[in-house]
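Participant: Sharing a structure with you now.
The values are calculated or read from the model by the stated rules, or taken from the named source; none is laboratory data. Everything quoted here is computed from the prediction, not taken from an experiment. FYI the Cβ positions are ideal-geometry reconstructions off the backbone, even for glycines, and counts take in every protein chain you see. With ligands, DNA and RNA removed, areas are computed over all heavy atoms of the protein, side chains included. Shrake-Rupley method; radii C 1.70, N 1.55, O 1.52, S 1.80 Å.
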Amino acid sequence: MEQQLTPMMQQYMETKKQYPDCILFYRLGDFYEMFFEDALTASKVLEITLTGKNCGLEEKAPMCGVPHHALDAYLNKMVSSGYKVAICEQMEDPATTKGIVRREVIRIVTPGTNLNMQALEEGKNNYIMSIVYFPDKIGVSFADVTTGEYRLTEMTDTKRLMDEIAKLLPVEIICNDAFMVSDIDMDTLKNRLGITVYNIDSWYFEEASCHKTLQEHFHISSVKGLGLDDFATGTIAAGALLQYLYETQKISLSHITHLDPYINSKYMLLDSSTRRNLELCETMREKQKRGTLLWILDKTKTAMGARMLRNYIEQPLIGLDEIILRQDAVSELCKAPMERDEIREYLGAVYDLERLLAKISYKSVNPRDMIAFRNSLKMLPFIRLLLGKFEDTLLHTIYEEIDALEDICQKIEAAIVEEPPISTRDGGIIKEGYDADIDRLRSAKTKGKTWLAEMEATERERTGIKNLRIKYNKVFGYYLEVTNSYKNLVPEDYTRKQTLANAERYTTPRLKELEDMILNAEDKLYTLEYDAFAALRDEIDQNLDRVQKTARAVAQLDVYASLSFVAERNHYVCPQVNTKGIINIKGGRHPVVEKMIENDMFIDNDTFLDNKKNCISIITGPNMAGKSTYMRQVALIVLMAQVGSFVPAKSAEIGIVDRIFTRVGASDDLASGQSTFMIEMNEVANILRNATADSLLILDEIGRGTSTFDGLSIAWAVIEHISNKKLLGAKTLFATHYHELTELEGRMNNVNNYCIAVKEKGDDIVFLRKIVRGGADKSYGIQVAKLAGVPDMVIDRAKEIVGQLSDNDIIEKIQTIVGVGEQRSERKTPIHYEDVDLEQMSLFDTVTDQDIIEELKGLDISNMTPLDAMNTLYGLQNKLKNRW
């Protein structure tokens with residue numbers, strides 16, 4: 001077929017053969033054209049007109065195209081639709097080239113290598129991840145080519161891998177074939193998480209080539225120089241990723257200066273369900289930032305700081321010393337609000353230095369970027385001056401890591417005009433006085449006529465030829481014209497160019513020089529300006545390490561200043577972090593919900609959990625009363641503390657937890673054929689298998705997705721399992737509508753009952769939002785239905801039915817199963833909250849001696865069976881143990 005094609009189309013087909021998996025954007029003049037199958041695909045995705053082109057075949061080749069100046073917009077649309085795009089540029093000037101212009105693919109753009117800053121979220125990394133899957137170990141490496149971040153780790157199971165993917169949310173994954181046939185759900189990756197997955201050729205993952213690529217990139221003789229001895233599989237993943245980036249980006253990637261290994265055990269483990277349920281960085285429904293913990297804490301001034309804060313929230317620390325270091329930095333900034341706010345003001349003028357460096361490395365930086373860079377650098381001395389006043393260890397380290405970069409700032413200041421154009425090819429970039437040749441050419445462009453008039457006057461005076469003229473035409477250019485009457489006065493240094501009937505035309509070396517300067521000034525000027533700009537860009541590229549180090553330090557400072565600002569504005573306190581496993585929160589508040597409620601109406605609550613007598617809190621109360629909010633609040637306060645943030649409370653002691661698990665709500669997963677109950681049980685299984693005694697569990701309505709007996713039995717068994725220190729013994733908040741579970745307080749010495757206070761007014765209820773000791777005596781479901789606007793007819797009928805059902809209460813059957821005496825059930829009395837001052841209510845009111853004495857007095861021993869007596873005695877004994 002190729003023999004029939006035109007020469008240009010033959011060139012196209014040869015290029016396309018090299019990149020069969022890409023949509024080829026082929027530069028023709030002012031357009032990027034696509035042909036054949038690529039044209040059919042691109043016309044649909046980009047919604048552009050499909051035409052045809054004569055290519056030497058019987059039928060026209062399908063063709064479509066986009067203007068070169070609009071490349072970024074169309075490129076982003078293709079890439080976000082999951083396509084790879086190969087950009088083929090003209091490498092020669094068509095005006096000066098005979099025959100076919102040489103063309104080359106200069107870059108392959110994929111979702112993980114998209115550099116279009118308008119298409120990227122500035123506060124979020126654009127990660128590409130490499131995964132090499134072996135039966136006994138999984139290597140993971142990821143990079144952000146827009147910032148130069150490059151890291152690796154290892155894990156042993158796909159569950160941990162999915163948690164890592166959920167944390168990082170890469171836009172693109174490259175992997176070996178074994179990963180594609182592993183037990184990872186590809187549908188979840190591609191459709192739920194929106195990740196583009198490519199399994200690449202096996203040679204990318206050959207250990208020798210991976211090591212060689214890393215050694216050449218970092219200029220070392222062995223990968224041992226990178227400190228990767230304990231990450232053999234992760235090193236393969238990192239090497240494969242770097243090779244892939246070289247293949248697609250076709251540049252030196254000089255801005256990737258470090259490869260940082262990390263261990264997952266350094267951070268709190270948060271699975272995808274927990275991240276979703278706690279709404280750390282996006283809400284469950286709208287997938288928006290507003291309404292998340294990130295929305296509350298992110299008052300950063302720079303894009304770099306915003307990305308770093310997101311990473312902090314996604315991976316809280318579990319090391320006590322590191323947490324305290326962060327707390328101390330935030331605390332020190334809180335003590336100097338004026339200096340902190342002044343620092344924040346300077347930070348507000350700092351550009352995204354990390355992504356700017358990537359543009360410098362890719363040679364895509366424009367003159368206006370340079371001015372933004374210069375303006376950012378001008379802020380650094382002021383930031384350092386203010387930061388130098390702080391004595392905190394971490395802040396002092398940041399101070400030392402911030403390089404004022406005054407030499408780079410001065411060079412940009414000297415070279416680039418204040419308001420340059422965007423294009424690097426249209427001149428008007430370089431300041432006067434920076435380069436003598438540029439100044440001369442610029443003068444030639446603007447002062448050429450003046451120079452010619454001056455030369456004409458000089459030559460008249462020198463030669464005595466009064467009617468000498470300097471003229472111009474397109475054939476001979478500039479020349480000196482002398483009439484025949486003055487021919488005898490023409491000096492020897494004049495060279496004849498043309499003879500006319502009544503005049504002679506001459507040139508001189510000086511006139512030739514002026515001609516070259518004037519006629520070629522613009523082209524030469526633009527070329528020299530571009531060369532000067534490129535030299536400045538390359539000089540900055542040689543200082544990437546300095547700028548990157550400063551950018552990371554500025555991002556850290558921005559994060560701590562943001563956390564300090566939020567703590568002060570929202571009245572947070574510094575939590576006392578411990579390793580004793582004690583969580584003691586006084587007056588805790590939900591950081592997000594309190595901001596969504598007007599007039600400071602949020603009701604705070606206390607919490608006390610430990611690994612001894614207060615391990616499990618069973619929380620009962622009606623729907624809408626605030627159980628889920630309260631439990632999420634506790635989890636978020638713990639997480640915030642381990643991020644290094646202050647927390648919304650009057651005081652807080654936070655025992656470090658290694659993991660937070662949540663089982664909160666569910667909806668049918670019709671796409672994968674999973675029901676609410678199946679999803680719930682999967683999550684419960686995951687929690688019971690992976691939680692440790694140092695974990696925090698948030699369990700809401702376990703067992704509600706099936707029949708009452710089955711659901712209650714499962715919930716009961718789950719609590720028994722968690723409470724057993726030999727099996728688990730994790731700190732747990734367990735919300736339920738199964739009031740029968742409150743019986744466990746007497747059976748297990750580390751289970752305690754709490755409920756949400758509700759005030760009844762006739763058939764109506766008022767939610768008091770306060771957590772108090774004791775179990776709720778009813779669910780108030782009918783009252784909640786009435787609040788929701790269910791018709792009165794339905795409400796009345798529901799009351800009749802509930803009365804009938806109450807006569808055959810399930811509690812009796814449950815008591816028979818588990819051996820709880822009837823007398824205990826009969827003794828339960830409701831709490832009359834209208835008689836209680838809720839502000840004085842303590843979450844941890846304990847049973848007094850008098851309470852136990854009164855209970856003993858009330859026992860009807862003559863009507864108790866031996867089993868009833870034993871159970872009652874056991875319950876009283878546990879109450880006494882709980883007090884001590």
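Participant: So how many Lys-Lys pairs in the stretch 1-152 land under 26 Å Cα to Cα, not counting same-chain pairs under 8 apart?
Facilitator: Lysine pairs satisfying the spacing and distance rule in the stretch 1-152 number 23.
Participant: Taking Lys549 as the anchor, which aspartates and glutamates have their alpha carbon closer than 13 Å to its alpha carbon, excluding any fewer than eight residues away along the same chain?
Facilitator: Once the sequence-local aspartates and glutamates are set aside, what remains near Lys549 is Glu149, Glu354, Glu400, Glu401, Asp403.
Participant: Right, another one. Which shape class applies to the stretch 324-375: rounded if a/c is under 1.5, otherwise prolate when a/b exceeds b/c and oblate if not, where a ≥ b ≥ c are the square roots of the Cα gyration tensor eigenvalues? Don't skip to the answer; put the middle values down first.
Facilitator: Values: a/c = 7.48, a/b = 2.26, b/c = 3.31.
Oblate shape, in that a/c is at least 1.5 and b/c is the bigger or equal ratio.
Participant: Further question on the same structure: For Ala785 and Met678, what does the FRET efficiency come to when R0 = 35 Å and r is the distance between their Cβ atoms, rounded to the nearest 0.05? Spell out each step's value before the answer.
Facilitator: On the way: r = 27 Å, r/R0 = 0.78.
Given R0 = 35 Å and the Cβ-Cβ separation, E is 0.80.
Participant: Compute the label zone of Gln288 within the stretch 587-610: residues whose backbone N is under 14 Å from the point 7 Å along Cα-to-Cβ.
Facilitator: Those under the cut-off are 596.
Participant: Need one word for the stretch 1-46: rounded, prolate or oblate. Basis is the Cα gyration tensor (sqrt eigenvalues a ≥ b ≥ c); a/c below 1.5 gives rounded, then a/b vs b/c decides. Present the calculation step by step, with values, prior to reporting the outcome.
Facilitator: Values: a/c = 1.81, a/b = 1.41, b/c = 1.28.
Prolate, since a/c reaches 1.5 and a/b exceeds b/c.
Participant: When ranked by the protection proxy of mean other Cβ atoms within 10 Å per residue, highest first, what sequence do the peptides 340-350, 557-567, 624-634 form? Before the final figure, lay out the partial values.
Facilitator: Working: 340-350: 18.6, 557-567: 25.7, 624-634: 22.8.
Put in order of decreasing packing, that is 557-567, 624-634, 340-350.
Participant: Another question about this same structure. In debye, nearest 20, what is the charge dipole magnitude of the stretch 414-510 about its Cα centre with +1 on Lys and Arg Cβ and -1 on Asp and Glu Cβ, if you could check?
Facilitator: Working: 18 positive and 15 negative charges, 114 e Å.
I would put it at about 540 debye.
Participant: Packing-wise, with mean Cβ within 10 Å as the measure, how do 492-499, 787-794, 147-154 rank, highest first?
Facilitator: Details: 492-499: 11.9, 787-794: 10.2, 147-154: 22.2.
Final packing ranking: 147-154, 492-499, 787-794.
Participant: Counting only DSSP beta bridges with both residues in the chain, tell me the antiparallel percent, nearest 5.
Facilitator: Details: 62 of 101 bridges.
DSSP beta bridges in the chain are roughly 60 percent antiparallel.
Participant: Whole number please: convex hull volume per residue of the Cα set in the chain, in Å³?
Facilitator: Values: hull volume 219.6 nm³, N = 884.
Residue-normalised Cα hull volume stands at 248 Å³.
Participant: Related question: How many percent of the accessible area of the stretch 430-500 is carbon or sulfur, using a 1.4 Å probe? Each step should come with its number before you reach the end.
Facilitator: Numbers: 2180 of 4620 Å².
Taking all protein chains in place, the stretch 430-500 shows 47 percent carbon and sulfur surface.
Participant: What is the Cα convex hull volume of the stretch 349-489 when expressed per residue in Å³?
Facilitator: Taking the convex hull of the Cα positions in the stretch 349-489, it is 156 Å³ per residue.
Participant: While we're looking at this one, here's another question. Going by alpha carbons, how many degrees (0 to 90, nearest 10) lie between the helix axis of 866-883 and the longest principal axis of the chain?
Facilitator: 50
Participant: For a Förster distance of 35 Å, can you work out the FRET efficiency between the beta-carbons of Ser364 and Ser202, rounded to the nearest 0.05?
Facilitator: Working: r = 33 Å, r/R0 = 0.93.
Using R0 = 35 Å, I get an efficiency of 0.60.
Participant: Then there is this: Can you pull the percent of the stretch 157-224's accessible area that's carbon plus sulfur, 1.4 Å probe, other chains left in place?
Facilitator: Values: 1620 of 3360 Å².
On the stretch 157-224, the fraction of accessible area on carbon and sulfur atoms equals 48 percent.
Participant: Hey, can you find the accessible area per residue of the stretch 233-384 for me, probe 1.4 Å, expressed in square angstrom? Provide the component values of the computation, followed by the final result.
Facilitator: Numbers: 5370 Å² over 152 residues.
Roughly 35 Å² per residue, with all protein chains present.
Participant: Just to be sure I understand the model, the point goes 7 Å from the Cα along the line to the Cβ. What's the resulting Thr97 to Thr708 distance in nm?
Facilitator: Between Thr97 and Thr708, the label points sit 8.1 nm apart.
Participant: Moving on. The stretch 717-762: percent of C-alpha pairs farther apart than 18 Å? The partial results should precede the final answer.
Facilitator: Numbers: 346 of 1035 pairs.
That fraction is 33 percent.
Participant: Here is a follow-up. So for the stretch 569-694, taking the charge dipole from beta-carbon charges (+1 Lys/Arg, -1 Asp/Glu), which of Val634, Gly581, Ile603 sits furthest toward the positive end?
Facilitator: Gly581
Participant: If you add up the charges near Thr196, with Lys and Arg at +1 and Asp and Glu at -1, over every other residue whose beta carbon is less than 10 angstrom from its beta carbon, what do you get? Please list the in-between numbers first.
Facilitator: Working: positive: Lys84, Lys190; negative: Glu172.
Summing Lys and Arg as +1 and Asp and Glu as -1 gives +1.
Participant: Rounded to whole Å and sorted largest first, what semi-axes of the equivalent ellipsoid does the C-alpha gyration tensor of the stretch 199-354 yield via the square root of 5 times each eigenvalue? List each step's numbers first, then the result.
Facilitator: On the way: eigenvalues 249, 85, 65 Å².
Computed over the stretch 199-354, the values are 35, 21, 18 Å.
Participant: Which of Thr424, Gly729, Ile220 sits closest to the plus end of the dipole of the chain, meaning its Cα is farthest towards the positive end, when Lys and Arg get +1 and Asp and Glu get -1 on the C-beta?
Facilitator: Thr424
Participant: D for the stretch 1-123, whole µm²/s, Stokes-Einstein with Kirkwood Rh over alpha-carbon pairs at 10 °C and 1.306 mPa s: what number?
Facilitator: Values: Rh = 15.1 Å.
Here the translational diffusion coefficient equals 105 µm²/s.
Participant: Between the DSSP loop rule and a limit of at most 16 other Cβ atoms within 10 Å, which trypsin sites (Lys or Arg not before Pro) in the stretch 454-495 are left? Intermediate results must be reported in sequence, preceding the final value.
Facilitator: Details: sites: Arg460, Arg462, Lys466, Arg469, Lys471, Lys474, Lys487; in loops: Lys466, Lys474.
Those that pass, being in a loop and sparsely packed, are Lys466, Lys474.
Participant: Still on this model: In the full protein assembly as shown, how much of Lys613 is accessible to a 1.4 Å probe, in Å² to the nearest 10?
Facilitator: Its accessible surface works out to 60 Å², give or take rounding.
Participant: Here is a further query. Considering all projection directions equally, how large on average is the shadow of the alpha-carbon convex hull of the stretch 512-650, in square nanometres?
Facilitator: Details: hull surface 66.1 nm².
Value for the stretch 512-650: 16.5 nm².
Participant: Something else about it: For all pairs of alpha-carbon atoms in the stretch 207-282, what percent lies in each bin of width 5 Å, listed from the first bin to the last filled one?
Facilitator: 3, 13, 21, 18, 12, 10, 12, 8, 3, 0
Participant: Stretch Tyr246-Asp439 to full length: gain in nm at 0.36 nm per residue minus the Cα-Cα span? Working shown, then result.
Facilitator: Working: separation 193, 0.36 × 193 = 69.48 nm, distance 3.93 nm.
Full extension of this stretch gives 65.5 nm more.
Participant: Please compute one quarter of the surface area of the Cα convex hull for the stretch 412-503 and express it in square nanometres.
Facilitator: On the way: hull surface 33.9 nm².
The orientation-averaged projected area of the Cα hull of the stretch 412-503 comes to 8.5 nm².
Participant: Let me ask something additional. Which loop-located trypsin sites (Lys or Arg not before Pro) does the stretch 378-444 contain, where loop means any DSSP state but H, G, I, E or B and the Cβ has at most 14 other Cβ atoms within 10 Å?
Facilitator: Working: sites: Lys378, Arg384, Lys389, Lys411, Arg425, Lys431, Arg440, Arg442; in loops: Lys389, Arg425, Lys431.
Answer by residue number: Lys389, Arg425.
Participant: Same structure, new question: Using every Cα-Cα pair within the stretch 102-233, state what percent have a distance larger than 27 Å. Can you show the working numbers first?
Facilitator: Details: 1978 of 8646 pairs.
Tail of the P(r) past 27 Å holds 23 percent of the pairs.
Participant: When only alpha-carbon atoms count, how far does the stretch 564-718 stretch along each of its three principal axes, as whole angstroms with the largest first?
Facilitator: 47, 37, 29
Participant: Which of Leu353, Thr872, Ser364 sits closest to the plus end of the dipole of the chain, meaning its Cα is farthest towards the positive end, when Lys and Arg get +1 and Asp and Glu get -1 on the C-beta?
Facilitator: Among Leu353, Thr872, Ser364, the one farthest towards the positive end of the dipole of the chain is Ser364.
Participant: Could you derive backbone 3J(HN,Hα) for the stretch 182-198 from the dihedral phi with the Karplus parameters 6.51, -1.76 and 1.60 (θ = phi - 60°), listing whole Hz in sequence and x where the residue is Gly or Pro?
Facilitator: After applying 6.51 cos²θ - 1.76 cosθ + 1.60, I find 6, 8, 5, 7, 5, 5, 5, 4, 7, 8, 7, 8, x, 9, 7, 10, 10 Hz.
Participant: Give me P(r) over the stretch 47-111, computed from all C-alpha to C-alpha distances, binned every 10 Å, as integer percentages.
Facilitator: Final binned percentages: 17, 36, 39, 8.
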